[in-house]
1. Among (1) at pLDDT 90 or above; (2) in contact with an Asp or Glu (Cβ under 8 Å, 6 or more places away or on another chain); (3) among the aliphatic types (A, V, I, L, M), where does MET1 come up short?
Amino acid sequence: MLDGVPDHRDSILSERDREANNCMFVCVSRALSDTLVVDL
C-alpha cells in the first residue's frame, strides 16, 4: 500500500502479513479509508 487503510477480508494472510500492508487480495478486500493507493 502506498496510501490508505485496507480492510483485509481474506482468510489467507497471517495477522503479521496484514499489519505489514505489503499485500492484499483485491478480489475479497476493500478500503477502510476514502482512498486506497496500491503499487502495481
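1. The number of the failed condition is (1).
Matching residues to (1) assigned to a loop (DSSP other than H, G, I, E, B); (2) among the aliphatic types (A, V, I, L, M); (3) touching a residue at least 60 places away in the same chain (Cβ under 8 Å); (4) surrounded by 12 or more Cβ atoms within 10 Å (Cβ to Cβ):
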| position | (1), (2), (3), (4) |
| --- | --- |
| ILE12 | yes, yes, no, no |
| ASP17 | no, no, no, yes |
| PHE25 | yes, no, no, yes |
| SER33 | yes, no, no, yes |
| ASP39 | yes, no, no, no |
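The values are calculated or read from the model by the stated rules, or taken from the named source; none is laboratory data. Since this is a predicted model, take the numbers as computed values, not measurements. Cβ: placed from backbone, ideal geometry, glycine included. Neighbour counts: every protein chain shown.
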